[in-house]
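Worksheet: one structure, shown below.
The values are calculated or read from the model by the stated rules, or taken from the named source; none is laboratory data. All of these numbers come straight from a predicted model, not from anything done at the bench. All Cβ positions, glycine included, derive from the backbone under ideal geometry; neighbour counts span all protein chains shown. The accessibility values were calculated without ligands, DNA or RNA, using every heavy atom of the protein model including side chains. Shrake-Rupley method; radii C 1.70, N 1.55, O 1.52, S 1.80 Å.
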Amino acid sequence: MTQGKKVFDDQGGGTCHGEAAVGTAIAPMLVCVVKKPGADNVAEVIHNPPSAISKAGMPSFNLPQAQMKALMAYLASLY
Ligand code: HEM
């Protein structure tokens, strides 16, 4: 398991976004989320979700830089 996947699972990402972030009834798929237009702020969305996203249930994560880097590498590996 990559460090990024461990961070994702440890933070409950799999619980809401599903195993390998394929999406659930609770939260959207994150596959290709880093390839979407405007994806350069995905780390910011995870750290400080905009109100619409946080109102929908997305928590904010204050991860150490190394963990955020590993998490972003994991999300980039999902396609
Ligand atoms: C490390 C763990 C997580 C990561 C990396 C993550 C990442 C993201 C990202 C990037 C988005 C925006 C998706 C988009 O723009 O298409 C999002 C949305 C969302 N997340 Fe998470 N998430 C995590 C954990 C969670 C958890 C634990 C929950 C539930 C408690 C959750 C619930 C949601 C919901 C409901 C949305 C959609 C908001 C809307 O309707 O737009 N997420 N998440």
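Mean-square fluctuation check for the chain, GNM, Cα pairs under 10 Å: which of G13, G57, G23 is largest?
G57
Find out how many positive minus negative residues lie around H17, taking Lys and Arg as positive, Asp and Glu as negative, among other residues whose Cβ is under 13 Å from that of H17.
Combined, the nearby Lys, Arg, Asp and Glu give -1.
How long are the three semi-axes of the equivalent ellipsoid of the chain, in whole Å, if each is the root of 5 times an eigenvalue of the C-alpha gyration tensor, listed from largest down?
Working from the Cα gyration tensor, I get semi-axes of 16, 14, 13 Å.
Between N48 and Q3, what is the label-point separation in nm under the 7 Å Cα-to-beta-carbon projection?
2.5
Take every Cα pair under 8 Å in the chain that's 6+ residues apart, average their separations, divide by the length, and report that relative contact order as a whole percent.
Relative contact order comes out at 38 percent.
How much of V22 can a 1.4 Å solvent probe reach, expressed as accessible area in Å² and rounded to 10?
Spelled out: V22, probe radius 1.4 Å, area about 90 Å².
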